[in-house]
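All of the numbers you see were taken from the coordinates with simple rules; none came from a lab. This one's a predicted model, so the numbers in the text were calculated from it and none came from an experiment. Because the Cβ atoms are built from the backbone with ideal geometry, glycine has one as well, and the counts that use them run over all protein chains shown.
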Amino acid sequence: MAHVLRQVTEDLILIAMGGRRVLAQADCPHRGGRLLFSHVNERTLRISCPLHLSSFDIVDGKVASGPACDPLRIHAVLPEEGELP
């Protein structure tokens, strides 16, 4: 499955990959990089900020690598099926 990154609101992005659909904060907690332009690793289920390359687990938002100290806020995990928000 190819991943999807979509801006949902000014503060939220939709990350869809690996059978998961997650609403997460739209900006990196480190320096505010726009995660809409992130690299997504479908194998590890991680998203990496385009500015300083902090990477976050999309399941729980924990920092996986990079300079970020705070986790990525995950607002909701959505069911696989149905309409995207």
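Quick look at the values:
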| read-out | value |
| --- | --- |
| Environment charge of Glu10, counting only residues whose C-beta is closer than 12 Å and scoring Lys/Arg +1, Asp/Glu -1 | -1 |
| Label-point separation in nm, His39 to His75, each point 7 Å along Cα→Cβ | 2.7 |
| Computed magnitude of the charge dipole of the chain (debye, nearest 20; Cβ of K, R +1, Cβ of D, E -1) | 260 |
| Cβ-isolated cysteines (cut-off 4.7 Å), the chain | Cys69 |
| Residue order, fewest to most surrounding Cβ atoms within 10 angstrom, among Cys69, Cys28 | Cys69, Cys28 |
| Cα pair count fraction exceeding 16 Å, expressed as % - the chain | 43 |
